[in-house]
Amino acid sequence: MNPLLFPVIAAQGLWVRYRTEVLPPAGGASSGSVTELAAGDPLRLAVVGESTAAGCGADTHDEAFPGALARELATRTGRPVSWDVVGQYGATSRRIRHRLLPQLGENYDLAVLLAGANDVLGRRRPSDWADDLAAVVNDLAARAEQVVVVGLPPFAAFPSLPWPLSDYLAGEAAELDAVAAQVCADHSRTTWVSSTGVLQMGPNFFARDGFHPSSYGYGQWAEVVAQKLPA
């Protein structure tokens, strides 16, 4: 990135923060189940993380990422799926590590982490991200048979972000994604799934803030993640 653009990027960051609507987290229960057309022992799913885990942009968690992923898993496995979600708007990996994980249950089949966007926005160092992410993965691995870390969203495609801010954030996210992929490679039963270059991010993908997914967007994202899960 051309250093001459940094003052523009800083000004754009302030402008975007001022004008972007702060959407509330999804309403409804923070746990649920999918039982239609499924039989056998339920697969237990946990979703934890930042505002995308909290469901900002959707009316309920059932319409957001947890419910959408549960339906995908039920379809693919033929099993009922029960899900729990713990998420918070603005949560960094450090807050997830120290504040959110203690709220999560145990004995899950699959735990999915949605994190990193706030670490990018907060300009956290990759080394700090690596330390917190490794601790979060270790904790989740003690609670679940499989752990999935979902890659950072493609900031360059966000309608709410002007250029060059969008490209700058995308570059920062790529650095953290590379770290996350390595952290996951170093942990057994842990998979990193990219969110860049794999989503069809048309006008219906985003909520009205142009930053978070809509219910439709969460469904598309959950489908991509489900396709990458280990067999």
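Could you tell me which residue out of Gly40, Thr77, Leu169 lies farthest along the dipole of the chain toward its positive end? Charges go on the beta carbon: Lys and Arg +1, Asp and Glu -1, centred on the Cα centre.
Toward the positive end, the furthest listed residue is Leu169.
Report, in degrees rounded to the nearest 10, the 0 to 90 angle that the Cα long axis of helix 65-77 makes with the longest principal axis of the chain.
The two axes meet at around 40 degrees.
Return one number: the angle in degrees, 0 to 90 and rounded to the nearest 10, between the long axis of the Cα atoms of helix 6-19 and the longest principal axis of the Cα atoms of the chain.
That helix lies at roughly 60 degrees to the long axis.
Could you state the number of Å between the C-alpha centres of the stretch 16-39 and the stretch 117-162?
Rounded to whole Å, the Cα centres lie 19 Å apart.
About the Cα centre of the stretch 29-83, what is the dipole size in debye to 20, counting +1 per Lys and Arg Cβ and -1 per Asp and Glu Cβ, all else neutral? Could the numbers behind the result be given before it?
Details: 4 positive and 7 negative charges, 48 e Å.
In debye, rounded to 20, the stretch 29-83 gives about 240.
Multiplying the sequence separation of Asn138 and Ala29 by 0.36 nm and subtracting their Cα-Cα distance, what value in nm do you get?
Working: separation 109, 0.36 × 109 = 39.24 nm, distance 2.70 nm.
Extra length available between Asn138 and Ala29 comes to 36.5 nm.
Return the long-range amide H neighbours of Val47 (sequence gap of 5 or more, or a different chain), with a cut-off of under 5 Å between placed amide H atoms.
Under 5 Å from the amide H of Val47: Asp84, Val85, Val86, Val112.
Going 7 Å from the Cα of Ala39 along its beta-carbon direction, which residues of the stretch 54-96 have the amide nitrogen within less than 15 Å of the resulting point?
Within reach of a label on Ala39: 77-80.
Along the principal axes of its C-alpha atoms, what lengths does the stretch 1-69 span, in descending order and rounded to whole Å?
That works out to 60, 24, 17 Å along the principal axes.
What dipole magnitude, in Debye to the nearest 20, does the chain give about its Cα centre under +1 on Lys/Arg Cβ and -1 on Asp/Glu Cβ? Before the final figure, lay out each step's value.
Numbers: 17 positive and 24 negative charges, 59 e Å.
Its charge dipole is roughly 280 debye.
Work out the FRET efficiency for Ala185 and Arg125 from their Cβ-Cβ distance, taking R0 = 22 Å, and round it to the nearest 0.05. Spell out each step's value before the answer.
Values: r = 20 Å, r/R0 = 0.92.
Efficiency at R0 = 22 Å is approximately 0.60.
How tilted is helix 165-185 with respect to the longest principal axis of the chain? Cα atoms for both, answer in degrees (0 to 90, nearest 10).
40 degrees
Just to verify a number: FRET efficiency for Arg17 and Arg76, C-beta to C-beta distance, R0 = 30 Å, to 0.05?
For R0 = 30 Å, the calculated efficiency reads 0.15.
Counting pairwise Cα distances across the stretch 127-207, what percent come out greater than 21 angstrom?
37 percent
We did not get these values from a lab; they are worked out from the coordinates using the rules stated. Just so it is clear, the model here is predicted, and its values are computed rather than measured. Because the Cβ atoms are built from the backbone with ideal geometry, glycine has one as well, and the counts that use them run over all protein chains shown.
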